[in-house]
Amino acid sequence: MQKTVKVLSFLFFFVSLLVLFRVLLLGGYPDFSQYFWGLKTIVQGINPYIVAQNSLTPTVYPPFVLFLLSPFGFLPIFWAGKIWTVFSIVFLFLAVYLIFKIYNKKIFSSLGFIILGLVCLSFPVKFTLGMGQINNLILFLFVLSIYFLEKKKNYLPSLFLALSLAIKLFPVFFPLYFLIRKKWKLLFFTFTTIGLFYLVSFLIDPKINIYFYKNILPTFLSGWKTDYYNQSLSGFIGRSISEDYIRGLIRYFLSAIFILISFFVIFKSPLNTKLANMHLGLLVSLNLIISNFSWQHHFAFMVFPFIATMFYIQKMKNKTKLLVLLFIAYVLISFNLKDPNAVPILLRSHVFYGAVLMWILQAFLIWKDSHKLLLRFPLTLKR
């Protein structure tokens, strides 16, 4: 029976993988063209943040990203896009493999094949690859940081977390978490490394860096992007309420609630337990929910909290209802509306609902198990 289940789960993964590999047949990768042409325009003396040369839109990524990915500029854009997509797939599976390693689980198992298949079928993952996005690299970097954190290292977690933050300011709440946990060395190395990354970028081209931080970065924190693909809290509110003042108040109030509850639950949790990875998963969900804009492809980052929560629930006795809720959250996050205008406005925020459900599930599990641990080991877990 077990062998049959394993064969069926492998077939599910294999078919899902073939579906994912269809991205390799695409003729182009729109967001990748920003990285590819960004540095080329700088070399030509053109500001890539003003002029979109051979790409759909002007560049919105920090100059550091353009310099980091500059080796792709030596290839024809067609082959550069294909190679980058292969790298992105590799980063995705390496991240999943590391999550299994963190939890001492076998990836080549029935559960492993089912999880891999679900990851492959997730629309945010496919969207990331189809657009040529950088999200899978960031996912790999912050999971790698968590992996080395488990190994009680200081500089390696800082290095990979710093690289993740330098590329896309994600996951932005991790440093605040480490501040609460009083991991001073990790914080020092992280901010020092970020500073070094940006210093090198600034020295390469000061003018472009100044322009980005003065004119482009502030736009990330303002405005209402009400496109269907923005599945953050601001996208949900922006699509539902037209009055700027009212929706602004609601957004700031709800964002504050999400942040306060998240850090209250974390702060009340005991130290030195396996809850730490659930904490970090909760912060990934929080980051995506309250961001000014979280496009659907950004929800590829939910791979970490999804798998971490799956493993956490798996060890519990009464887990059926929790697994059903987790699967519902996965479905809401993972499907895509081909014609969002054909459904009511409230139904267009399904990814947001899934992320909130995941956040609630994580917060509940952390709160519930924290109290169990404190009752069983009040002295060893006391602050």
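Overview of results
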read-out	value
Tally, over region 222-251, of residues that are in a helix (DSSP H, G or I), surrounded by 13 or more Cβ atoms within 10 Å (Cβ to Cβ) and among the aromatic types (Phe, Trp, Tyr)	1
Residue that is farthest from Leu25 (Cα to Cα), among those in region 107-153 that are touching a residue at least 12 places away in the same chain (Cβ under 8 Å) and of a type in the set (Phe, Trp, Tyr)	Phe148
Enumeration of residues in region 60-77 that are among the aromatic types (Phe, Trp, Tyr) and assigned to a loop (DSSP other than H, G, I, E, B)	Tyr61
Scan of region 1-57 for residues that are buried (at least 17 other Cβ atoms within 10 Å of the Cβ), closer than 17 Å to Phe78 by Cβ and modelled with pLDDT of 80 or more, ordered by number	Val23, Tyr29, Asp31, Phe32, Ser33, Gln34, Tyr35, Phe36, Trp37
Residue match in region 93-106 (condition: under 14 Å from Ile134 (Cβ atoms) and either free of Cβ contacts under 8 Å to residues at least 60 places away in the same chain or buried (at least 16 other Cβ atoms within 10 Å of the Cβ) (or both))	yes
Answer residue from region 175-221, given it is charged (D, E, K, R) and part of a helix (DSSP H, G or I) and is farthest from Ser269 (Cα to Cα) among those	Lys207
Number of positions in region 253-268 that are farther than 23 Å from Leu179 by Cα and surrounded by 13 or more Cβ atoms within 10 Å (Cβ to Cβ)	1
Test set (1) modelled with pLDDT under 95; (2) farther than 21 Å from Gln231 by Cβ; (3) buried (at least 20 other Cβ atoms within 10 Å of the Cβ) - Leu144 fails condition number	(1)
Some residue of region 161-170 being modelled with pLDDT under 90, assigned to a helix (DSSP H, G or I) and not small (Gly, Ala, Ser)	yes
Pick from region 287-309, criterion over 17 Å from Met131 (Cβ atoms) and modelled with pLDDT under 95, ranking: surrounded by the fewest Cβ atoms within 10 Å (Cβ to Cβ)	Asn292
Flag if Phe87 is out of contact with any Gly (no Cβ under 8 Å at 6 or more places or on another chain) and without any contact (Cβ under 8 Å) to a residue 60 or more places away in the chain	yes
Test for Leu149: is it at pLDDT 95 or above and either farther than 19 Å from Leu17 by Cα or not small (Gly, Ala, Ser) (or both)	no
Hey, Val86 surrounded by fewer than 18 Cβ atoms within 10 Å (Cβ to Cβ), in contact with a helix residue (DSSP H, G or I) (Cβ under 9 Å, 6 or more places away or on another chain) and of a type in the set (A, V, I, L, M, F, W, C) or not	yes
Pairs, first among the β-branched types (Val, Ile, Thr) in region 158-178, second part of a helix (DSSP H, G or I), C-beta under 8 Å, six or more apart	Ile167/Phe64; Ile167/Val65; Ile167/Leu68; Ile167/Leu137; Ile167/Ile138; Ile167/Leu141; Val172/Leu165; Val172/Asn287
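The values are calculated or read from the model by the stated rules, or taken from the named source; none is laboratory data. Bear in mind the structure is a predicted one, so any value in this text is a computation, not a measurement. Glycine gets a Cβ as well: all are built from the backbone with ideal geometry, and neighbour counts include every protein chain shown.
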